[in-house]
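The values are calculated or read from the model by the stated rules, or taken from the named source; none is laboratory data. As the structure is a computational prediction, the values presented were derived from the model and not from experiment. Note: accessible area is taken over every heavy atom of the protein model, side chains too, but ligands, DNA and RNA are not part of it. Shrake-Rupley method; radii C 1.70, N 1.55, O 1.52, S 1.80 Å.
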Amino acid sequence: MRAAGGSFKRRTAACRKRKSRISWIVGVIVKRLPPGLGAGQPAYKEATMPIGELCSRDVIFVTPRDTVPEAARLMRQHHVGDLVVVEDQAGRRVPVGMLTDRDLVVEVLASGVGADTVTVGDIMSPEPVTARETDGVYETIQRMRARGVRRIPVINDRGGLEGIIAVDDLLEMLAEEIMNLATLVGREQAHERAARR
């Protein structure tokens, strides 16, 4: 009985998440309609899925004091091209920068400096763009586009690191839901044909 109950709860949560995703996509479409065509539709502007429901919670991070070789080893070990740079502040990991594989190439390899003499803090991009867990997907996309970044850390209400969201995550979600909408249209047409026989 416990397993069945857990399965039902998981299905219910997945259903709510899917409805939230579809509502967000419909909201984006409605916002793009010419004035008047969206009349009578719900106000989707604020009805966006929280980014905390989409972000990856498995975040690879370093500190400003770590060396460049240590950062490079982490990138290789975890197959990532970006690391969140954090500082411990009152028990919270607070994002203070981002380090990319391009930073390693341009600032270290191309400059010909000794990698062992350079720390992450020397070459990271400070003051990273962040998103709160409660921020909407549309709002987060706008922020990423304005700053020209593909990945941003996700923080909680105390500024602590909770996850990371990437453009790839957003594209995957959008592609999945657009396919679901296309399937819905096909099924609707099939039901209509069957009803009129």
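General observations
- Amide H contacts of G163: V154, each under 5 Å away and 5 or more positions distant or on a separate chain (H built 1.01 Å from N in the peptide plane; Pro and chain starts excluded).
- Scalar couplings 3J(HN,Hα) for region 174-181, obtained by applying the Karplus form with A = 6.51, B = -1.76, C = 1.60 to θ = phi - 60°, are 5, 4, 4, 6, 5, 5, 5, 5 Hz; x denotes Gly and Pro.
- Long-range HN-HN contacts of E87 with modeled amide H, under 5 Å: V94, V96
- Amide H within-cut-off set for I60, under 5 Å, with H built and near neighbours excluded: V84
- Computed with every protein chain present, the accessible area of T67 is close to 40 Å² [probe 1.4 Å].
- For L174 and S56, the difference between the fully extended length at 0.36 nm per residue and the C-alpha to C-alpha distance is 40.9 nm.
- The phi torsions of region 67-73, fed into the Karplus equation with coefficients 6.51, -1.76 and 1.60 and a -60° offset, translate into couplings of 7, 4, x, 4, 5, 5, 5 Hz, rounded to whole numbers, with Gly and Pro shown as x.
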